[in-house]
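Bear in mind these aren't lab numbers, they're just calculated from the coordinates by the rules spelled out. These numbers come from a predicted model, not from an experiment. Quick reminder, even Gly has a Cβ in these numbers, built from the backbone with ideal geometry, and neighbours come from all protein chains shown.
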Ligand code: MSP
């Protein structure tokens, strides 16, 4: 039987961040696991390179779009190569075969009557590459998904008859309860479909950076909608529409996606496939989002976690372990160095690393590094049984996309290994002349470590190869079969010394993220709980201290200032708040200050306001100022203070 596992294809408008690495690690782990079991596995990743967003990013970077896409796509591919990601194909939507496949799919859907031409008028969010009906907009203007301003677009468009697939989709969800995993995510999709599906605009005329229409249709001013183009990558990668030799891998076993793009994969994609008369993927695995130290990551906050930086500091396999172990699949997770270091020190270094070192040390002393399983069953049948029970239970966790549970259970093996040493005290046995028993204890631990290494291999491939090498075997399908399925024990061997695999970490190895605001949940709770209606009335305008602290005030240094053309009031400032990136603040102070008055001076900034758009420009803060009949003056610190110093 073959297996087909995919990641989303990543937009080429920025470099990879930790969220991209997370999906890729999970998919890589599953692909490696299937290969270990001997399954013929195809693992696909790649980049999504068309659409208005990419066209605009290239323009901003002052580069031809293809050149821009080539460069960013290469950063993803290089990073995955550096991380040892075991993809079988890295697809790019600018590949010729992909474009051919998309055109063929369009023709098939068109011939079937599922695509027709009409006009579209709607609110379009460029960032999400999606139209939204007015009813879904926030304040009749902003995108309900990302909060950015939408623009009204009226254009001729080809439409896909998504509405025809409503019932078929609902039937599919009902008859395949594991289509969307975890199941808890299925409701939102089912409700969305039950709410009624509108036909989907699948071409654009307002820009040209997309797959061209098929020649047979000949409507040159249209290009394909980026999501139609992108979703089809899962079959064009197998040769759909070009050389179809690999189509035997279809349908996919799992498409891994983030929760934000579940709707595209669980509604549009199956509808497209039904139209193409192709079977549907078996599962869509939707994971949650990562935050950093409890904060949403964003470029403007300067707190985006770069997977390369983390891997350089802590090691890529430690990162894989942490990300898969830390978060139940489907839920949001938080990246903090503290939590990461704790897991490295306690689980990797103590539980696993020390166990290996202990048996290397003991076997060196007791038997000149020779380990023999001959007496293991005689003295440790209880531990063998416990170990086998755990090993038998593991498969289900990965098959159900629960890597955190898989690792949690797997770690029980190390508890057995550490426990058996504690209980049997081989050093005492050696003193008492019970050498066979002491060596059996060392050997049972070696077997536990070997089997654990096989099962941990998909998550930490290189580290487990080092462990296996120390234990004189190789991790592959044969050893998986013998040690895990057939429950064989290790043959007589000499254990090798290894350098410490997981040195303890005392201090964070990377700079911490810039602090965003001093508000704590308790302060928030205190202020809201205590504010009963009565006290509110009595104190009228008084606030609790917690309410004051909800505002993050900081000292900032104005680095750049310029007038906003065509505005009487606005100046655009770039302010240093001690964060990685400057903050842009658009302030209504032009009548009172010229840009030169401001550059290199200090101001007081409200630093935790939601970003707002003023005359089309993002403003990420507000300046404190006082205004009376004589005019306005900025509030400034009495003496120079470091940029970012909190005010309170
Ligand atoms: N190009 C589309 C996918 C097309 S698939 C046919 C896309 N690209 S993306 O680069 O914006 O996002 C790729 C993946 O990264 C998505 O699955 C998204 O959920 C995930 N993440 C983006 N930010 C994330 C976090 N902060 N945390 C976890 N995953 C996140 O969408």
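Data table
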item: Helix axis angle, 96-111 relative to the chain longest principal axis, alpha carbon, degrees; result: 70
item: Mean Cβ neighbour count within 10 Å, used as a protection proxy, ranking 5-13, 495-503 highest first; result: 5-13, 495-503
item: Label zone at residue 221, where the point sits 7 Å out along the Cα-to-Cβ direction: the stretch 131-163 residues whose backbone N lies under 15 Å; result: 154-158
item: Simple spin-label estimate for residue 334 and residue 477 in nanometres, 7 Å along Cα-Cβ; result: 4.4
item: Relative contact order (%) - criterion: Cα under 8 Å, at least six apart; region: the stretch 124-256; result: 17
item: Extended-chain gain in nm, criterion 0.36 nm per residue less alpha-carbon gap, residue 247 and residue 137; result: 35.6 nm
item: For the chain: relative contact order, % (alpha-carbon pairs under 8 angstrom, 6 or more apart); result: 11
item: Residues residue 148 and residue 408, FRET efficiency given R0 of 30 Å [Cβ-Cβ distance, rounded to 0.05]; result: 0.15
item: Average silhouette area of the stretch 136-273, convex hull of alpha-carbon atoms, in square nanometres; result: 10.0
item: Taking the stretch 266-397 and dividing mean pair separation by its residue count, relative contact order in percent (alpha carbons under 8 Å, at least six apart); result: 19
item: Rg to Rh quotient for the stretch 36-168, alpha carbon positions, Kirkwood Rh; result: 1.04
item: With Cα atoms, 0 to 90° folded angle of helix 376-399 axis to the chain main axis; result: 30
item: Estimated inter-spin distance, residue 67 and residue 259, nm [label 7 Å along Cα→Cβ]; result: 4.1
item: Residue 599-residue 56 FRET efficiency (beta carbon distance; Förster radius 35 Å; 0.05 resolution); result: 0.75
item: The stretch 1-45, Cα convex hull volume normalised per residue, Å³; result: 52
item: Segment residue 97-residue 465, extension gain: residue separation times 0.36 nm, minus the distance between their alpha carbons; result: 128.8 nm
item: On Cα atoms only, tilt of 65-82 relative to the major axis of the chain in degrees; result: 20
item: Radius of gyration, Dmax [the stretch 157-206; alpha carbons; angstrom]; result: 13.1, 40
item: DSSP-defined beta bridges in the chain - what % are antiparallel, rounded to 5; result: 70
item: Estimated inter-spin distance, residue 171 and residue 118, nm [label 7 Å along Cα→Cβ]; result: 2.3
item: Euclidean distance of C-alpha centroids, the stretch 208-227 and the stretch 393-452, integer Å; result: 60
item: Per-q log10 I(q)/I(0), the chain, q = 0.07, 0.09 Å⁻¹ (Debye; single scatterer per alpha-carbon; no solvent); result: -0.59, -0.91
item: Residue order, fewest to most surrounding Cβ atoms within 10 angstrom, among 211, 374; result: 374, 211
item: Expected 222 nm ellipticity per residue - DSSP helices of 4 or more, -39500 (n - 2.57), all of the chain, to 500; result: -11500 deg cm²/dmol
